[in-house]
Amino acid sequence: MTTAMVRGRARHAVAAVWAVLFLWGLVGVVQRLTAGHAYTAYGSYVPWGLWVSAYIYFIGLSAGAFLLSSLVYVFRLKDLQRVGRVALFVAALTLGMALVSIWFDLGHMARFYEVFTRPNFKSLMAWMVWLYTAYVCLILAELWFETRCDLDTFARRGGPLAPVYRALALGWRCPESPEALAACHAQSRRWLRVLGSIGVPLAVTFHGGVGALFATVAARPYWHSALYPIFFLTGALLSGGGLLLAVVAGLDIVSEEERARIVRRLTRFVVGLLLFDLVLEWSEFSIPLWYGVGEELDVLKTVLFGPYWWVFWIVHLLMGAGVPLWLLLRRPGDRRAVAWAGGLVALTYMAVRLNLVIPAQLEPALRGLERAFVDARLVFHYVPSLHEWSVVAFIVSTGAAVFYLGMRFLPLVPVRAEEGGA
Amino acid sequence: MRTLDDAQARAVRAEESMGTAMVQGEEGVRAEAGALTDRREFVKELLAATGGLAAWMALRPEDAAAVPRAARAADLLDRPEPYPEGNLLERMRADLLRALQKPVHERKWVMVIDLRKCIGCKACTVSCIAENNLPPGVVYRPVVEEEIGEFPHVRRRFIPRPCMQCDNPPCVPVCPVGATWKRADGIVEIDYEACIGCRYCITACPYNARTFDFGEFYGEGTPEVMDYERRPAFEYGKKWQRAPGRDGSPVGNARKCHFCLHRIENGMLPACVTTCLGTATYFGDYNDPESLVHQLVGSTRLMRLKEELGTEPNVYYLV
Ligand code: SF4
């Protein structure tokens, strides 16, 4: 079999998996829209489940990818220049996926606008929504400045997609003369720098804020930790970095030589962050566990040695930290190994998110409450239902499709070298 | 009892017009016995006067003045004899009616639960479900059971757990849309029509006192969802109609105990208080030094749940 044939087969297999995921997801979404929360497994005592975990997972990817893009636009890191746009695009896409996840989770989906019309700014959740909105505007503006000239070029080439490019460029036309074009690029760079500079504190605030959203809940000792906002930020950078690493190393979007440079740089980030993340986790677990007394003890023991111990030890520690570290440190030159490592880091971070959201809710507020009233929704136990997974499958498959279309049809890798951001 | 006010009249009207399937306590049974026929007539008159049940439901406590004076007086003429001294339910009702004569912000509703008197029958849990038409997954007042000691010295203790109506409620500031707040009389209210169902408040409650309405029915999967499950609830003084396949509020909302606000504003004690078999649950206005609850809160047996969190619960336990 030739390489081309192998590739063709692999492509078919990916397409088949995608189609299955998407169709299954579609069923889930229809169920969700017609039957409300009837098929969910979360209940009144464990009210936040898979969808909330997916939300913080995607939002983390977004913040991470965005902060990496700011290395290009704000801190002018030349090495990553060629993937600045991809990072921005991934940030926008994963943000959308996060918002859809949490939207499906609402009891009244049609009332989401109330967060804008009647916000309660004492609530960290209200802050989050407002900050996301600002963040969406900012990413879209950045993407527009980054790609407007290329979109214009694409539009001028004609073809069936020309009107789409024109619309995405918001009708922008780049000047023809070399001097004017240079001025135009300089203007874009200035704007990108300004927007990126606003974006950095914004992304730090909102993702730290998501950590605070949990950390401020004094009723749940497991969440109520001052370390959380930092933990969330580190997790965001780590998972976002992992995802970019997988994209750059796994796909043919830049030249061989550029890829090697970018991969080297990103590898250093990811390894550093991974180690830092483990240190934070060590503090988070070891301090309450050390003397074996304290309120969150039972929850920590559930995470480490409960029925889902493997989520922590195997999925998170082994697949999400051990294997990637080994691959990145031992086989840094192997493109496939690096792509796998990045992908594993990004993917398994979901285990961290699940282990963060769910265990805190498994402890009854009062001993005996678990037996006080017999009802399937009044239990301190939770495993996501297939329906919940199917909705996530829908979000992931749709996100993947948008990513594919974006990479294929949008100028996400600069057409002319000199346009690449900084 | 003649001195008792229009609130008492409203109490009777409310009970009849709402047609709640509540199990009546002895207080209710005796009160009803004498004056039923007259009251029926009275209700008819009242409905005509106020433009029907729907209009009545919309009446807020401040609108009490809108009830014709003559009607109130007529009702009071037929009040049954007062209960003998020492009947705690009647005393609490008198406390309640006295409190209702004050403006809302001068009342402070509290509940006291005597754990030595609670027999763990769960009549309160059930009456609450009946009163508020609670669906699966929603419970306002579970009774937690604790076993203490070892054989042969074993005891059981029962801890009913309503909403604590905290003075510093952790569930309120977290709401992104301000759909839940602390009322002037101390009750933590939820606006079902504003709540987006994010469930942040449910996670923030340190007593697990908030639950979520998943839109389910006990009768689902059986030949018929029975009529009693389709009856409306009257929480917060509004009519809430649930039906299979309908996703309007309170489906999709956070729900919790509100001390039966719709009852107390109409001169009735909360359902759990009237149905408590052991007379272990007391309710009243803490701002009234004459009230039974004020007296009980002075007990040395007093305890509150998770006092250390600083939530300042308004439910007290006597241990
Ligand atoms: S569930 Fe409703 S009341 Fe509770 S925080 Fe969310 S919007 Fe507010």
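Structure above, values below:
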{"item": "Count of the stretch A:80-111 residues which are in a helix (DSSP H, G or I), within 13 Å of chain B (Cβ to nearest Cβ) and under 18 Å from A:V30 (Cβ atoms)", "result": "6"}
{"item": "Conditions (1) open to solvent by 10 Å² or more (accessible area, probe 1.4 Å); (2) hydrophobic (A, V, I, L, M, F, W, C); (3) closer than 23 Å to B:G267 by Cβ; (4) within 14 Å of chain A (Cβ to nearest Cβ); number of the one not met by B:C121", "result": "(3)"}
{"item": "Test for A:T348: is it of a type in the set (S, T, N, Q) and open to solvent by 30 Å² or more (accessible area, probe 1.4 Å)", "result": "no"}
{"item": "Scope the stretch B:276-314; condition outside any loop (DSSP other than H, G, I, E, B) and crowded, with 24+ Cβ neighbours inside 10 Å; matching residues", "result": "B:T281, B:Y282, B:F283, B:G284, B:D285"}
{"item": "Some residue of the stretch B:214-224 being away from the ligand (no atom under 16 Å from the Cβ), facing another protein chain (nearest Cβ under 10 Å) and open to solvent by less than 40 Å² (accessible area, probe 1.4 Å)", "result": "yes"}
{"item": "Residues (aromatic (F, W, Y), surrounded by fewer than 16 Cβ atoms within 10 Å (Cβ to Cβ) and assigned to a helix (DSSP H, G or I)) located in the stretch A:286-312", "result": "A:W290, A:F305, A:W309, A:W310"}
{"item": "Number of the condition not met by B:S249 [criteria: (1) in contact (Cβ under 8 Å) with a residue 40 or more places away in the chain; (2) on the phi < 0 side of the Ramachandran plot; (3) more than 8 Å from chain A (Cβ to nearest Cβ); (4) out of contact with any helix residue (DSSP H, G or I) (no Cβ under 6 Å at 6 or more places or on another chain)]", "result": "(3)"}
{"item": "Residue check, B:C128 in a loop (DSSP other than H, G, I, E, B), within 14 Å of chain A (Cβ to nearest Cβ) and within 21 Å of B:Y317 (Cβ to Cβ)", "result": "no"}
{"item": "Enumeration of residues in the stretch B:172-192 that are open to solvent by less than 10 Å² (accessible area, probe 1.4 Å), touching a helix residue (DSSP H, G or I) at 6+ places or on another chain (Cβ under 7 Å) and within 16 Å of the ligand (Cβ to nearest atom)", "result": "B:P176, B:V177, B:T180, B:I187"}
{"item": "Qualifying positions in the stretch A:313-330 - open to solvent by 90 Å² or more (accessible area, probe 1.4 Å) and touching a residue at least 24 places away in the same chain (Cβ under 8 Å)", "result": "A:L329"}
{"item": "Pairs with Cβ under 9 Å, 6+ apart, first in the stretch A:161-182 and under 24 Å from A:L405 (Cα atoms), second aromatic (F, W, Y) and outside any helix (DSSP H, G or I)", "result": "A:R166/A:W172"}
{"item": "When residues of the stretch B:136-170 are limited to those that are at the interface with another protein chain (Cβ under 9 Å from one of its Cβ atoms) and assigned to a loop (DSSP other than H, G, I, E, B), the one most open to solvent (accessible area, probe 1.4 Å)", "result": "B:P170"}
{"item": "For B:L269: the one exception among (1) within 14 Å of chain A (Cβ to nearest Cβ); (2) touching a residue at least 24 places away in the same chain (Cβ under 8 Å)", "result": "(1)"}
{"item": "Matching residues, the stretch A:107-128, being away from the ligand (no atom under 12 Å from the Cβ) and buried (at least 18 other Cβ atoms within 10 Å of the Cβ)", "result": "A:W127, A:M128"}
{"item": "Exclusive hit being of a type in the set (G, A, S) and within 16 Å of the ligand (Cβ to nearest atom), set B:G252, B:G284", "result": "B:G252"}
{"item": "Residue within the stretch A:141-151 that is over 26 Å from A:L245 (Cβ atoms) and touching a Cys at 6+ places or on another chain (Cβ under 8 Å) present", "result": "yes"}
{"item": "Whichever residue in the stretch A:358-378 is of a type outside the set (A, V, I, L, M, F, W, C) and in contact with a helix residue (DSSP H, G or I) (Cβ under 7 Å, 6 or more places away or on another chain) and, among such residues, is farthest from the other protein chains (Cβ to nearest Cβ)", "result": "A:P359"}
{"item": "Some residue of the stretch B:193-204 being assigned by TED's automatic domain parsing to the domain that holds B:E235, closer than 23 Å to B:A99 by Cβ and within 14 Å of the ligand (Cβ to nearest atom)", "result": "no"}
{"item": "A:V194 being among the β-branched types (V, I, T), surrounded by fewer than 20 Cβ atoms within 10 Å (Cβ to Cβ) and within 29 Å of A:K78 (Cβ to Cβ)", "result": "yes"}
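Here is a yes/no grid of residues against (1) in contact with a strand residue (DSSP E or B) (Cβ under 7 Å, 6 or more places away or on another chain); (2) at the interface with chain A (Cβ under 8 Å from one of its Cβ atoms); (3) at pLDDT 95 or above:
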site	(1), (2), (3)
B:P176	no, yes, yes
B:K182	yes, no, yes
B:I187	yes, no, yes
B:I190	yes, no, yes
B:C201	yes, no, yes
B:A204	no, yes, yes
B:N208	no, yes, yes
B:T211	yes, yes, yes
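The values are calculated or read from the model by the stated rules, or taken from the named source; none is laboratory data. Small disclaimer: the values here were computed from a predicted structure and weren't measured. So basically every Cβ, Gly included, is an ideal-geometry build from the backbone, and we count neighbours across all protein chains shown. SASA here: full protein model, heavy atoms, side chains in, ligands and nucleic acids out. Shrake-Rupley method; radii C 1.70, N 1.55, O 1.52, S 1.80 Å.
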